[in-house]
Structures are given as structure tokens and as C-alpha cells.
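Right, one structure below, let's go through it.
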Amino acid sequence: MMIKRTIVSAVFAFAAGIVSAADFPKGDSASARVFMELHSIQRLSGVLTPLLTVPGGAFRIVEGDLLALGNLRIRLVGIEAPEVAQLCNSAQGDSWECAAEAEDRIRDVLRTAERIECFSNDRDSYGHYLASCKADGLDVGGLLVAEGLVWPDQEQGYYQPEAAQAQAASRGIWQAETPSPSDWRRQQD
């Protein structure tokens, strides 16, 4: 019985990939495509289930990439938000509170959403769930990268098209040379 379920799940997963890839308009980001394919697979095969589905406003924002719901901690996968004490450089040569702005933006997105879904199958070394979250169908990590409020995680390789567009438009963190959060932490030691 378990083998049958695995085979059926694999067939549904393959079909979901074909169907959902055909539904995307040209120019859609690869990260959104992957996320939507995972969501389609979850719906068709029942293999992946959301870590949680909650109404908007349910989360508390710990940092620009870390959410809390009670004792549950979720780190948004694929992004690096500015550290709480980190300032970002502006085009005018001064600095701005990029960490606070990233936190405010994610708070607004999650607060105004009717439904938030987070998908996870892994945890980090601190026990936080590593998850992709959607607010009313909008990929939260991709939005923050596209608006220039967070960096894409270079090791994971997500959100590169969104980062390139934000950088080309000199949005947010890309308006002047600013160290990434990992580089900033090294400079503080």
C-alpha cells in the first residue's frame, strides 16, 4: 500500500510540475514558479502539507526574516534581512534604518493578508522552521527582495531575478554599497 501511494504521489507531482509550469506567463521569476509548483504538488498529491495556514495578523515579527506564532519560530527561507542594529547606506551618503523598514513592511504585508500559508520541511540549527510563506498568494520573501528590503541568500540561490531588478533600480539596500548581514556581523566581531 505504501509503495502504491508513493508511486501515485510521484505521478501527481510530475503532473503538477507540467501543469503549473505551463500556466506561468513568460518572465515570471523562477522562485515563484518553484514555490507554486510545490504548492500544486501539495494540493494534488497530499505529500506536502503546509506547516501552517493562519489568518493575517497572527504573526509577531521578531526580525525582518523571523516570524513567531506563539512558541513557533519561522525563518523565511532564501532571504537575509538586515540585522536589528544594522544601518544601510543611502544614495545621499547618509544611512537609514533598513532593519526597521524591513520589519515594518513584512508586518504590514502579514497584517493585511486574509490568509498566510507557510511550507517547511527543514529546521535551522536554532530549531526555527525554514519556510516559504505566502500572504494571499504573494510570496513574502520574493516581495521583500524585489522591494530592496532584504538580500537574497546567496548560498540558497533563491530570488536572484528579484534582486537583480531591485539592484538595477537602486531600490532600498541597493541604492548604495551596504554590507550584507553576514558581512556586517563579521565586521562587528
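The values are calculated or read from the model by the stated rules, or taken from the named source; none is laboratory data. All values derive from a computational prediction rather than experimental measurement. FYI the Cβ positions are ideal-geometry reconstructions off the backbone, even for glycines, and counts take in every protein chain you see.
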For A169: the one exception among (1) small (G, A, S); (2) under 29 Å from P50 (Cα atoms); (3) modelled with pLDDT of 95 or more: (2)
In region 162-179, which residues are touching a residue at least 24 places away in the same chain (Cβ under 8 Å) and aliphatic (A, V, I, L, M)? I173, A176
Only one of (1) surrounded by fewer than 18 Cβ atoms within 10 Å (Cβ to Cβ); (2) at pLDDT 90 or above fails for G56. Which number is that? (2)
Anything in region 80-104 that is under 17 Å from the mean Cα position of the chain (by Cα), free of Cβ contacts under 8 Å to residues at least 60 places away in the same chain and over 23 Å from G157 (Cβ atoms)? List them, or say none. A99, E103, D104
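Checking the conditions here, which among E155, E63 is exposed (fewer than 15 other Cβ atoms within 10 Å of the Cβ) and modelled with pLDDT under 95?
Working: E63 fails: exposed (fewer than 15 other Cβ atoms within 10 Å of the Cβ).
Only one candidate qualifies: E155.
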Checking C133 against (1) in a loop (DSSP other than H, G, I, E, B); (2) touching a residue at least 12 places away in the same chain (Cβ under 8 Å), which single condition isn't satisfied? (1)
Would you confirm whether any residue within region 98-119 is closer than 18 Å to E177 by Cα, at pLDDT 95 or above and not in a helix (DSSP H, G or I)? no
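Counting only residues that are of a type in the set (G, A, S) and either crowded, with 16+ Cβ neighbours inside 10 Å or touching a Cys at 6+ places or on another chain (Cβ under 8 Å) (or both), how many does region 66-101 have? Reasoning before the result, please.
As a first pass, look at region 66-101 and keep what is of a type in the set (G, A, S): 68, 70, 78, 81, 85, 90-91, 93, 95, 99-100.
When the remaining residues are screened for being either crowded, with 16+ Cβ neighbours inside 10 Å or touching a Cys at 6+ places or on another chain (Cβ under 8 Å) (or both), the result is 78, 81, 95, 99.
So the answer is 4.
Please tell me if S125 is of a type in the set (S, T, Y), within 18 Å of the chain's Cα centre (by Cα) and either closer than 21 Å to W184 by Cβ or not in a helix (DSSP H, G or I) (or both). Before you say what the answer is, go through the steps one by one.
Working: of a type in the set (S, T, Y): yes; within 18 Å of the chain's Cα centre (by Cα): no; either closer than 21 Å to W184 by Cβ or not in a helix (DSSP H, G or I) (or both): yes.
Against the criterion (of a type in the set (S, T, Y), within 18 Å of the chain's Cα centre (by Cα) and either closer than 21 Å to W184 by Cβ or not in a helix (DSSP H, G or I) (or both)), S125 does not qualify.
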